[in-house]
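A.B. asks: Below you will find the structure I want to go over with you.
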Amino acid sequence: MSDELKDIICKLLEKDPKKRLGVNGDADEVVNHPWFKDTDWDGIMNKSIKAKFVPELDKMKKDKVKESFELSTLKKNNENN
């Protein structure tokens with residue numbers, strides 16, 4: 001883990017909200033943090049860059065339905081025993 005990543009995590013998770021990253025300069029304070037130095041904010045804003053990871057929502061929905069069904073079946077089986 002880089003020093004910049006450790007720093008931004010600590011600053012975003014600061015317990016005192018008055019000291020937390022972003023409280024003084026809104027989002028500018030966050031996006032100007034050194035950890036984001038290579039981030040193409042214009043590309044993000046105009047959606048011209050491709051995401052490095054896109055979740056498979058259909059698969060997630062199917063897995064969630066299957067998990068829900070399995071849990072409800074297990075619960076019913078436990079109630080009957």
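The values are calculated or read from the model by the stated rules, or taken from the named source; none is laboratory data. This structure is a prediction, so every number in the text was calculated from the model and none was measured. Glycine gets a Cβ as well: all are built from the backbone with ideal geometry, and neighbour counts include every protein chain shown.
A.B. asks: Please determine, by comparing only the residues of the range 41-69 that are at pLDDT below 80 and among the hydrophobic types (A, V, I, L, M, F, W, C), which one is farthest from the chain's Cα centre (by Cα). Show your work before the answer.
C.D. replies: Let us first name the residues in the range 41-69 that are at pLDDT below 80, namely 51-69.
Then keep just the ones that are among the hydrophobic types (A, V, I, L, M, F, W, C); that gives 51, 53-54, 57, 60, 65, 69.
On the way: 51: 14, 53: 12, 54: 12, 57: 15, 60: 16, 65: 22, 69: 27 Å.
Of everything passing the filter in the range 41-69, 69 is farthest from the chain's Cα centre (by Cα).
A.B. asks: Look at residue 8 and say whether it is surrounded by 11 or more Cβ atoms within 10 Å (Cβ to Cβ) and in a helix (DSSP H, G or I). Spell out the reasoning first.
C.D. replies: On the way: surrounded by 11 or more Cβ atoms within 10 Å (Cβ to Cβ): yes; in a helix (DSSP H, G or I): yes.
So residue 8 passes the test.
A.B. asks: Please tell me if residue 15 is among the basic types (Lys, Arg), modelled with pLDDT under 85 and either out of contact with any Lys or Arg (no Cβ under 8 Å at 6 or more places or on another chain) or part of a loop (DSSP other than H, G, I, E, B) (or both).
C.D. replies: Working: among the basic types (Lys, Arg): yes; modelled with pLDDT under 85: no; either out of contact with any Lys or Arg (no Cβ under 8 Å at 6 or more places or on another chain) or part of a loop (DSSP other than H, G, I, E, B) (or both): yes.
Criteria not met by residue 15.
A.B. asks: What are the residue pairs meeting all of these: first residue in the range 27-51, first residue assigned to a loop (DSSP other than H, G, I, E, B), second residue surrounded by 12 or more Cβ atoms within 10 Å (Cβ to Cβ) and among the β-branched types (Val, Ile, Thr), Cβ atoms under 8 Å, and 6 or more apart or on different chains?
C.D. replies: Sorted first by the residue in the range 27-51, then by its partner, the pairs are 33/8; 39/31; 40/49.
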